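Contents: one structure, followed by commentary.
Just so it is clear, none of the values below were taken in a lab; they were calculated from the coordinates. As the structure is a prediction and not an experimental result, all values here were calculated from the model. Here the Cβ positions follow ideal geometry from the backbone for every residue, glycine too, while neighbour counts run over all protein chains shown.
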Amino acid sequence: MPVKQKIAIVGAGRLGTALIRELSRAKYKISEVISRDKAASKTRASQLVKMVSARAATMQTAQFDAEVIWICVPDAEISCVAHELAAVHPSAIQKRSAKKPWQGKVVFHSSGALVSDELNVLRERGAAIASVHPMMTFVRGSAPSLKGVAFGIEGDVLAVRKAKKIVRQFGGEAYTVRKEDKAVYHAWGTFLSPLLLAFLVTAENVARAAGISAQDARKKMLPIVRQTLANYAALGPEEAFSGPIVRGDIETIGKHLRILKKIPRARSVYVELAKSAMVHLPGKNRRELKKLLDAD
């Protein structure tokens, strides 16, 4: 088998941890994990490198000998990290010219909202750059697999080609996102996790009005939520859609709207989602339902 290129990870957080695990599983060599020069960050990096026999480093001590540098830091820090990397003295990067010290390197960042241009300072120094964003949520206490996860990729041709190859080799789904579509792409992702959670918390508040605690509501909600997602995946949205809207049950929906006046925020969510359902999903008595919802 051809030797796979070495990859350095900048950032020892949850995303960096997930990538290290998946890249190692795909037989990529992690050369170093580069963290901030703070005790907590350095401790995390030291723990991570034990998993993959890599070096733990800071920006001041890193060797930057990997062909691919993958930046896994919060969005607000990406440009700053890029400028720090660009300031690395050429002697720290083997066999690079003084004018183009990053020639031959590929640099990724993993922001869903920001385009690859955040790394322009490295492009000017010879690197090929791309944004490589996993459509996945990373929170404390959870370690999701990246197998089957979609990665939206945008940037220079060489870097995009490299990113797609890497992502596919650890089992992810790689596809191209146009630069001008990054904002709406990220809005889509926001619907899929944080706003989905906001909806579920709203549902907990409705349950509380029925005398059910939030903790008990979560337990009782999960079977129907899981089945709805399973139906959506197996049957598609139209066949998975059930309840009073698809039946055109105006009387029941009217009762919901009246009782939800006691929970105005939940009522607003209900009305807007019902209106969206009328546009995108099947249902009976649409004229009467539209009149009922528009009267809100």
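Observations
- Residues of type lysines that Lys27 reaches as a straight line, Cα spacing below 22 Å, ignoring anything fewer than 8 places off in the same chain: Lys4, Lys6, Lys50, Lys105, Lys147, Lys162, Lys164, Lys165
- Projected over all directions and averaged, the alpha-carbon convex hull of region 193-240 occupies 3.7 nm².
- Cα-only Debye scattering, region 241-296: base-10 log of I(q)/I(0) at q = 0.17, 0.22, 0.29 Å⁻¹: -0.46, -0.79, -1.32
- Spin-label model, Gln215/Lys50: points 7 Å from Cα along the beta carbon direction are separated by 3.4 nm.
- Once the convex hull of all Cα atoms in the chain is built, its volume per residue stands at 165 Å³.
- Listed by Cβ neighbour count within 10 Å, with the fewest neighbours leading, Met136, Met278 appear as Met278, Met136.
- Using R0 = 41 Å, the C-beta based FRET efficiency linking Ala240 and Gln169 works out to 0.80.
- For region 100-204, trypsin sites (Lys or Arg not before Pro) meeting the loop criterion (DSSP other than H, G, I, E, B) and having at most 13 other Cβ atoms within 10 Å: Arg140, Lys147, Arg178.
- Ellipticity at 222 nm from helices only: DSSP H runs of n ≥ 4 in the chain, each -39500 (n - 2.57), divided by the residue count, give -15500 deg cm²/dmol.
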